[in-house]
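The values are calculated or read from the model by the stated rules, or taken from the named source; none is laboratory data. Everything numeric here is computed off the predicted structure, so don't read it as measured data. Cβ placement follows ideal geometry from the backbone for every residue including glycine, while neighbour counts extend to all protein chains displayed.
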Amino acid sequence: MIKIGVDLGGTKTEVVALDEAGQVLLRRRAPTPYTDYGAIIETIGTLVEGVEAELSRKGTVGVGIPGSLSPATGLVRNANSQVLNGHPLDKDIAARLGRAVRLTNDANCLAMSEAADGAAAGHGTVFAVIIGTGTGAGVVVNGRILDGFNRVGGEFGHNPLPWMTAEEYPGPLCWCGLHGCQELFLSGPALAADWKGKGHRHCDGIVEAAASGDATAQSALDRYADRLARALAGVVNLIDPDVIVLGGGLSNLPLYDRVPRLIGRHVFGDVCRTPVVQAKHGDSSGVFGAARLWDGE
Ligand SMILES: [Zn+2]
């Protein structure tokens with residue numbers, strides 16, 4: 001049996017087939033028809049069947065999406081591809097493919113992939129964060145996603161930033177309805193706005209700017225590292241993971257020396273040696289993790 005993963009992104013849908021050892025057999029992608037729900041189901045069905053036809057083998061199917069299924073309704077919620085919200089996406093894909101599929105959010109896929117054979121390989125408890133357009137996270141314990149009773153396990157982006165300074169408090173109003181969510185401090189648009197001012201959304205070049213003496217870039221990076229460390233210290237105090245993995249565009253920032261040291265200031269007890277590492281599989285973590293949603297069965 002091969003393992004097929006589907007990463008349903010806002011602009012492209014990618015499918016990968018892994019063999020039992022996790023080696024890539026085939027990858028295919030297609031544009032996501034993001035305004036047409038029925039066409040999205042058909043795109044996924046066509047990609048999966050195409051991969052199986054090319055390999056002449058059937059597979060298990062896992063799907064990663066930027067959102068989650070509500071345990072109350074079974075329908076997608078919180079997807080930033082809005083057309084998915086309110087649909088029983090897992091059931092519709094299962095009906096199209098004629099088999100059960102597993103579906104979870106992209107941060108859980110990152111955690112699964114990195115725990116299996118990525119930067120967190122060999123660690124029991126893995127906390128993986130996506131810092132990019134938004135901020136999400138997933139927890140994997142001994143190869144299994146800790147999804148939680150309400151399926152919000154790891155929804156780290158919408159906790160408030162801890163140990164806020166007077167200048168930070170109470171934090172801006174978030175799209176989720178609360179104030180001061182960590183996403184509003186840790187996402188790419190948040191860093192861009194902190195560096196260049198309100199309304200700026202892209203922080204490309206901030207490291208180079210800081211290196212060439214731009215003091216506003218350097219202080220924005222300093223604040224970012226400190227805020228990320230505070231957010232992660234809250235995680236260490238709660239579940240004390242064996243490793244923290246960073247993925248997403250902002251995981252390319254130079255965070256890996258200073259953030260582990262900064263975390264220790266807020267961790268209860270006399271020692272904090274938790275490693276903070278960059279995701280090994282980069283942008284492929286989502287699709288690899290989706291392929292692994294049936295691992296351990
Ligand atoms: Zn929020």
| query | Across the stretch 156-184, which residue is farthest from the ligand (Cβ to nearest atom) among those that are touching a residue at least 40 places away in the same chain (Cβ under 8 Å) and under 16 Å from the mean Cα position of the chain (by Cα)? | reply | F156
| query | Tally time: how many residues in the stretch 145-154 are within 16 Å of the ligand (Cβ to nearest atom) and without any contact (Cβ under 8 Å) to a residue 60 or more places away in the chain? | reply | 1
| remark: Conditions (1) within 16 Å of the ligand (Cβ to nearest atom); (2) under 21 Å from L250 (Cα atoms); (3) modelled with pLDDT of 95 or more -> L110 fails only (1)
| request: Starting from residues that are in contact with a Phe, Trp or Tyr (Cβ under 9 Å, 6 or more places away or on another chain) and not in a helix (DSSP H, G or I), keep the ones in the stretch 101-119 and report whichever is farthest from T35 (Cα to Cα). | output: G118
| query | What single numbered condition from (1) among the polar types (S, T, N, Q); (2) over 18 Å from C176 (Cα atoms); (3) without any contact (Cβ under 8 Å) to a residue 40 or more places away in the chain fails to hold for N85? | reply | (2)
| said: Which count do you get for residues in the stretch 189-201 that are surrounded by fewer than 24 Cβ atoms within 10 Å (Cβ to Cβ) and more than 16 Å from the ligand (Cβ to nearest atom)? | reply: 9
| query | Restricting attention to the stretch 120-152, and to residues there that are touching a Leu at 6+ places or on another chain (Cβ under 8 Å) and not in a strand (DSSP E or B), which single residue is modelled with the highest pLDDT? | reply | G132
| query | Could we say that V277 is of a type in the set (V, I, T), buried (at least 17 other Cβ atoms within 10 Å of the Cβ) and farther than 25 Å from I206 by Cα here? | reply | no
